[in-house]
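Enquirer: My questions will all concern the structure given below.
The values are calculated or read from the model by the stated rules, or taken from the named source; none is laboratory data. Please read these numbers as outputs of a predicted model, since none were measured by experiment. Ideal geometry is used to build each Cβ from the backbone, glycine not excepted, and the neighbour counts take in all protein chains shown. Areas reflect the complete protein model, heavy atoms only, side chains present, ligands, DNA and RNA absent. Shrake-Rupley method; radii C 1.70, N 1.55, O 1.52, S 1.80 Å.
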Amino acid sequence: MGADTMTRPAVLILLGPPGAGKGTQARMLQDRFGLVQLSTGDLLRAAVATGTEAGRAAQSVMAAGGLVSDEIVLAILKDRLAEPDTAKGVILDGFPRTNVQAQALDALLAQSGQQINAAISLEVDDAEMVARVAGRYTCGTCGEGYHDSYKVPAIADTCDKCGGTDMKRRADDNAATVGQRLGAYHAQTAPLIAYYEEQGTLQRIDAMGEIGQIAEGLSAIVQRAVA
Ligand code: AP5
């Protein structure tokens, strides 16, 4: 990587099916590397909650476990990337998810002389994903993620990070919808692994292990990718 590239904000992509741990790991990388986590799922849920036009269009698609249209997702992502905090570098969590989105991201980054540092594929078994998603809940105050079995807070229903007690479960975290989300991943998002492999930016990580161990492996990848 040339000296010129080193001065540009880092762009990292976390690819992986529902429950792979993208959000969990992105938050850790954000804290460790001072990058900004940018989750299209969170941006879409915020749009649904505030009742914007995009949110109204996305709501039923998300509830059914499908993918929201490229047009809506790209508009939301471009708006978020235009905010000044992203100049620190970004971790894209859940984006891109289609070939159209991947190509649009390349074109957008090229406009400002940026490029992807690494696209990291979190690899897990389908059965494990269903268990992870079914047991998930999140702090409604700071967004920290928890799990009924795998990651419980030190004090029940109290966030370790901010002390919040308003824990939330996502409407799309039920067995039927997870099956649809998994199908959408295999049909539309998994092919991006080959796309980034051809580009020479792909890194793979076994995401079946313990959260802290995976974080160590990911941090080593990120350290090399942003150096
Ligand atoms: P989104 O919010 O992106 O959901 P997702 O991709 O289905 O991923 P999840 O958030 O379910 O899983 P995760 O990988 O972040 O896992 P987590 O870290 O929470 O998207 C939701 C919807 O929005 C989509 O279905 C679609 O409709 C729409 N959408 C979003 N982006 C879009 C786009 N670009 N284009 C079109 N539509 C889009 O971990 C899960 C649980 O497991 C947690 O409880 C965690 O504590 C636990 N856990 C994590 N790691 C481990 C581990 N190693 N061992 C044990 N437990 C673990």
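A quick yes/no check of all residues on (1) open to solvent by 60 Å² or more (accessible area, probe 1.4 Å); (2) within 11 Å of the ligand (Cβ to nearest atom):
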residue	(1), (2)
T141	yes, no
G163	no, no
G183	no, yes
Q188	yes, yes
L192	no, yes
Y195	no, no
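Enquirer: Testing A187 on (1) out of contact with any helix residue (DSSP H, G or I) (no Cβ under 9 Å at 6 or more places or on another chain); (2) assigned to a loop (DSSP other than H, G, I, E, B); (3) more than 18 Å from D93 (Cα to Cα), one condition comes back false. Which one is that?
Expert: (2) is the only condition that A187 fails.
Enquirer: Based on what the data block shows, is A154 among the small types (G, A, S), open to solvent by less than 40 Å² (accessible area, probe 1.4 Å) and away from the ligand (no atom under 11 Å from the Cβ)? Walk me through how you get there before you give the answer.
Expert: On the way: among the small types (G, A, S): yes; open to solvent by less than 40 Å² (accessible area, probe 1.4 Å): no; away from the ligand (no atom under 11 Å from the Cβ): yes.
No, not satisfied.
Enquirer: Counting just the residues of the range 79-138 that are of a type in the set (D, E, K, R) and touching a Leu at 6+ places or on another chain (Cβ under 8 Å), which one comes out surrounded by the most Cβ atoms within 10 Å (Cβ to Cβ)?
Expert: As a first pass, look at the range 79-138 and keep what is of a type in the set (D, E, K, R): 79-80, 83, 85, 88, 93, 97, 106, 123, 125-126, 128, 132, 136.
Still in the list and also touching a Leu at 6+ places or on another chain (Cβ under 8 Å): 80, 88, 93, 97, 126.
Details: R80: 18, K88: 13, D93: 24, R97: 21, D126: 14.
Looking at the filtered set, the residue picked out is D93.
Enquirer: If the Cβ limit is 6 Å and pairs must be 6+ apart or interchain, which residue in the range 67-79 that is within 14 Å of Q103 (Cα to Cα) pairs with which residue that is open to solvent by 50 Å² or more (accessible area, probe 1.4 Å) and near the ligand (Cβ under 10 Å from one of its atoms)?
Expert: Every condition considered, the pairs that remain are D70/V100.
Enquirer: Residues to consider are L38, L43; find the one that is at pLDDT 95 or above, buried (at least 16 other Cβ atoms within 10 Å of the Cβ) and assigned to a strand (DSSP E or B).
Expert: Numbers: L43 fails: assigned to a strand (DSSP E or B).
Result: L38 is the single residue among L38, L43 that is at pLDDT 95 or above, buried (at least 16 other Cβ atoms within 10 Å of the Cβ) and assigned to a strand (DSSP E or B).
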